[in-house]
Each structure stands twice: as C-alpha cells, then as structure tokens.
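The values are calculated or read from the model by the stated rules, or taken from the named source; none is laboratory data. As the structure is a computational prediction, the values presented were derived from the model and not from experiment. Quick reminder, even Gly has a Cβ in these numbers, built from the backbone with ideal geometry, and neighbours come from all protein chains shown. These accessible areas exclude ligands, DNA and RNA; they are computed on the full protein's heavy atoms, side chains included. Shrake-Rupley method; radii C 1.70, N 1.55, O 1.52, S 1.80 Å.
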Amino acid sequence: MNRSSVTAMAGEKEQRILEFVKQNAVRGDPQSVVDHIDKYCIQKEWAMNVGDEKGLILDNVVKETDPSLVLELGTYCGYSALRIAQILKPNACLITIEKEAVYAAVAREMIEFAGLKDKIKIIQGFTEQIIPGLRTDYGVENVDFVFIDHFKERYTADTKLLEDCGLLKKGSVLLADNIVYPGAPDFLEYVRTSGRYDCTNYPSHIEYSDKPDALEKAVFKG
C-alpha cells in the first residue's frame, strides 16, 4: 500500500466523525460540537481526542492560566482546540499545528461549523519547521499556554525548541497529554529535573476508556 492510500485511509474515520457532527450538532455551538464528538467516540468508534475526562482537566488548567495566546501541538479533528477556544477571553486566540493534511482539513471544517474559525488558526506542517518561524511569520512574541498532544517523540524536542526560540516567558504553562499511555518518559524527566519548570501531575484515564493515563503541567520559571 502506498503512502497516499495510507493517508487517505487515515482520514476516513475522521471524516465520519465530521459528518456525524454536521448531522447532529448545533451549528455555531462549540460545546454541542464537542459533546457530539464525544458521543460518536463513545458509541461508535474510538478516536484519539483528549476526550471528556481529561478534557475537564484541560479546561480547568486553561481557566487558571487565562491565556491570551495558546499554542497547540497536534490538532487532529479540532476537538481540544474547540474546548480551549470556547473558554478563552474575547481577544485571545489559539494557533494549532497539525502535520497531517487530512486531519487539518477535517479540523478546519469542524472549527468553521462550530463558529470559531476567527479564534483558531490552523497551520499545517511539521512543528520543528513551524515553531522557529512563529515570531517572523505569525507575529508571535511568546505564548502563554501550550497544549502538547502530538507525536510523543517530539514532546521534549519541541519543548526545547520553544525555549531556544524565546517563545516561552516566565509563567508560560505547558500541558502535555498521554504521559502514561503511550507515555513520554523523556519529556517527564526533562521538565521534572531540568530546574526550569514547576510540575504538577494530573492522573486520569485514556480517552473513552478505563486505562490509566495522566496529564503533566509544567510552568516555565523563566
């Protein structure tokens, strides 16, 4: 099977989620869209959104942080971007980076249907190529909150890249998903032992299951 066929297959489930949302959720209502993504994933097909249980932890950390600019690494179908964006203050915005074009396309439609396309900017491409250009290409001085939920092998590298590019400031909050399953031990070791972060662990479960997982919050000391 060639790469294009694999990529096409990778988007089929996500397209079904999008169609379910369009048929059942309320247009222009982000919470209705989030709820219907959860409903589909619980009742029909599992998908790798942050999910309802860990999503509440995400919501609470975002509210505590009260960010003006959010960076998300890993958009997938736009689920977590919608959770975050709908609770941001009026002038705040979210930039989300997604490597897979098929996922980015679904997320754009999902976000537009939810009525939040003016609050969320999707950048399709590789984080290691996009992060160094955030300041020059997108006018980003620094970020207040980073939700890390992409390739686990990129967690530590992209955290260091954010530091090296001067995109983190004192008090910037990183929140990383899936640190138990599939796990990100290098990331945990780095943020907990580098002396650059104050860390908090939030035990939870894999989305739509009873398998243990957790989120890790790391607050940059500057």
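Selection within segment 154-178: residues that are open to solvent by less than 10 Å² (accessible area, probe 1.4 Å) and hydroxyl-bearing (Ser, Thr, Tyr). The member of this set that is farthest from the chain's Cα centre (by Cα) is 172.
Of the listed requirements (1) at pLDDT below 95; (2) buried (at least 18 other Cβ atoms within 10 Å of the Cβ); (3) not charged (D, E, K, R), residue 151 misses just one: (2).
Highlighted here are the strands (runs of 3 or more DSSP E) found entirely within segment 39-125 that include at least 1 residues which are of a type in the set (Lys, Arg): 120-124. Among the residues of segment 12-38, the ones that are among the charged types (D, E, K, R), open to solvent by 20 Å² or more (accessible area, probe 1.4 Å) and part of a helix (DSSP H, G or I) come to 6 in all.
Only residues that are of a type in the set (Val, Ile, Thr) and within 9 Å of the chain's Cα centre (by Cα) were counted in segment 45-83, giving 2.
Given the structure, is residue 130 modelled with pLDDT of 95 or more, outside any strand (DSSP E or B), among the β-branched types (Val, Ile, Thr) and open to solvent by 10 Å² or more (accessible area, probe 1.4 Å)? So residue 130 fits the description; yes.
When residue 181 is tested against the conditions (1) under 17 Å from residue 56 (Cβ atoms); (2) within 19 Å of the chain's Cα centre (by Cα), the lone failure is (1). Evaluating residue 88 against the criteria (1) surrounded by fewer than 21 Cβ atoms within 10 Å (Cβ to Cβ); (2) without any contact (Cβ under 8 Å) to a residue 40 or more places away in the chain leaves one unmet condition, (1). When residues in segment 190-208 are screened for being outside any strand (DSSP E or B) and either of a type in the set (Phe, Trp, Tyr) or exposed (fewer than 13 other Cβ atoms within 10 Å of the Cβ) (or both), 4 of them pass. No other residue among 116, 56 is among the hydrophobic types (A, V, I, L, M, F, W, C) and touching a residue at least 60 places away in the same chain (Cβ under 8 Å) apart from 116.
Scanning segment 134-142 turns up at least one residue that is β-branched (Val, Ile, Thr) and either open to solvent by 40 Å² or more (accessible area, probe 1.4 Å) or without any contact (Cβ under 8 Å) to a residue 24 or more places away in the chain (or both).
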